[in-house]
1. Restricting the calculation to Cα positions, tell me the Rg (one decimal) and the Dmax (whole number) of region 688-824 in Å.
2. Treat region 634-698 as a sphere of radius equal to its Kirkwood radius over Cα pairs and apply Stokes-Einstein at 37 °C in a medium of 0.692 mPa s; give the translational diffusion coefficient in µm²/s, rounded to a whole number.
3. So what's the angle, to the nearest 10 degrees on a 0 to 90 scale, between helix 521-530 and the longest Cα principal axis of the chain?
4. Can you tell me which of 262-268, 324-330 comes out highest on packing, and rank the rest after it, using the mean Cβ neighbours within 10 Å?
5. Using helices alone, what [θ] at 222 nm do you get for the chain, with -39,500 (n - 2.57) per DSSP H run of 4 or more residues, divided over all residues and rounded to the nearest 500?
6. Sorted by mean Cβ packing within 10 Å, highest first, what order do the peptides 705-716, 146-157 take?
7. Kindly express, to the nearest 10 degrees and within the range 0 to 90, the angle between helix 759-772's C-alpha long axis and the longest C-alpha principal axis of the chain.
8. Radius of gyration and Dmax for region 489-589's Cα atoms, expressed in Å?
């Protein structure tokens, strides 16, 4: 705004307000959350609604808090000074920037325009608080932002007159919505119907966002709104997608004024009706809610970083982990019934909740945010399948893979990310028990125990094809896995001029990409037997990979064509048909006694799945004892012992000293023996140290596994414990689950070594990660995964389960070995 325009507002186009607040100085903050800066870079100046990096992340790391669905940045340049950058909003499922800045403050008098570039400025992010401070010779301005509810941020504006002369100040705030969707496309080009409605009423400005139902990019109901409200009345002018508001204040000499602004983002009119009363109450006691926020953050850091009341030195990564987890906390909205912690607020696809992510987040948060941790678990179990479910009663007991604001088409909604194609590994009992250990609550155990039992038993009903007590990963009955008659679906590109090509053209449906969609296990088996295909894809294979959590791991048959060629040259004199035989996956149809299709199992019993089930039995025994169900506890304990013995018997390969999945045939009988063959040809992966993390491996087996983990040609790379050994035929340092280092599996490996007495080696592997993972010890966001050979950051930014496992390491390993404290 120019000086002349500011003067025009000053001379009469504003509602004057004289604020005489003698002695109203900024309240000193002395709690732990304000004694040190944030561990994350919170600066940024968004220019487009979607401003993605090469991994699909929104640039910058906005501060979100209290479960809110909008967040803010500190400005990254002088042009943005006087405003908090953004906001970024979560448009139901996708993060987008709404503005570069939506409330830029300017201060003028009749004689002077307070130019921010001429001030001494200090911009600082603290845990849960953003602060800007500007100093001119005669005036200081401090802007601070916190979250006071799950829909509202509060900005405190403190202006101090440093002279002994009275000052008449004209304050103006202005902002505009972004007009670019991306650098290449305007918002109008992308969404011609984009037409926000602006309304103002004295001290409130409301922006009603239009209805956009773009399933994979942007979702707004037409009822969502963004509301700015101030503690002072102002005159507002609106011009298309921009506004300017102004007011006057009078400051006596050496006096100060304190103003408050709220910025609220709601998804519906119902949410706004509720939030409106919260905002009004907040304006009656702003300092009280401010203090509550700072006390909450003080407790987070006291409980989450300090050990036994003592501050831990060098706790930067632990602080960053806490900030990341709290930043990914989303409160109830849409079909998300309770608070959840999403994988990443800044990643395109990750603003929902996944099952085993939630279990990990809960374990890490149990000590410092136990209520969020509990709700995070319960929210997933709110969608545990029931026997009277309209879509999949056959999956009674299962916890579905992912929940989002919107359900999917099967549930008569238009969401695309909601997923019932699979579940996730059985770590829910671990999460519940860890939460109980941190915050003893017998009622939680009493509530969750029957739900956990039903989930545990689902595995044996729906994922143990030969009923031998060893489970497989698989996929549910789902339109992307099977047709209406229950026949498994797959697509392929047959080789030209082959017998298979003739058969496929006759039995399958041609697709636009020159491939074919086919149905039926018999036909699928004939395709595998022929080997006469260029490409083959089966939805249930993806479902099984997702169910394991290791989406495209080598053990599920995933390998690139180039790697398969190398494998064929090494083992089969270049014969691709023979080589494919080692990487083909088959499926079993699982049926209920009445013949109903329950789903599909992949034709391999998985080592870490059964290791997890063994430890889950042991944890269910503890819960049963706590509840006085001693007979049940004894049964669980006996079952845990038997399964642990079978894991060691059936999944360990003495020749290579490692654990592998076991490929089985449908004809394998329920004899209690180990059927089929170990899948050693598909190489080593982190599933091989799961028996150590769960504590069921024998000492000699653990020794051999540890040797493999610590070998430099296997897993001990620059950043160790990647998702495939370097000797794995499908290894590549930049493939999602076939090389990259994921911090959950890394953590399981480090703690596995610690459990079996390899304390120094565990420390060395922990140090290698913390020293070599790019940005981890600086102010960069914690990443989804890292390159094992270079340490390069990969995948999603601000990734929750990476943060969760770093914090778990802080809680567990650091207190056992002080030498790691300086890194954590």
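1. In order Rg, Dmax, the Cα atoms of region 688-824 give 13.9, 42 Å.
2. 257
3. For helix 521-530, the angle is close to 70 degrees.
4. Taking the mean over residues of other Cβ atoms within 10 Å, the ranking is 324-330, 262-268.
5. It comes out at -9500 deg cm²/dmol, rounded to the nearest 500.
6. 146-157, 705-716
7. 50
8. Spelled out, the Cα radius of gyration and Dmax of region 489-589 are 13.7, 39 Å.
Only the coordinates and a few stated rules stand behind these numbers; no lab work does. In this text the structure is predicted, and so the values were computed from the model without any measurement. Cβ sites come from the backbone with ideal geometry, for glycine too, and all protein chains shown count toward neighbours.
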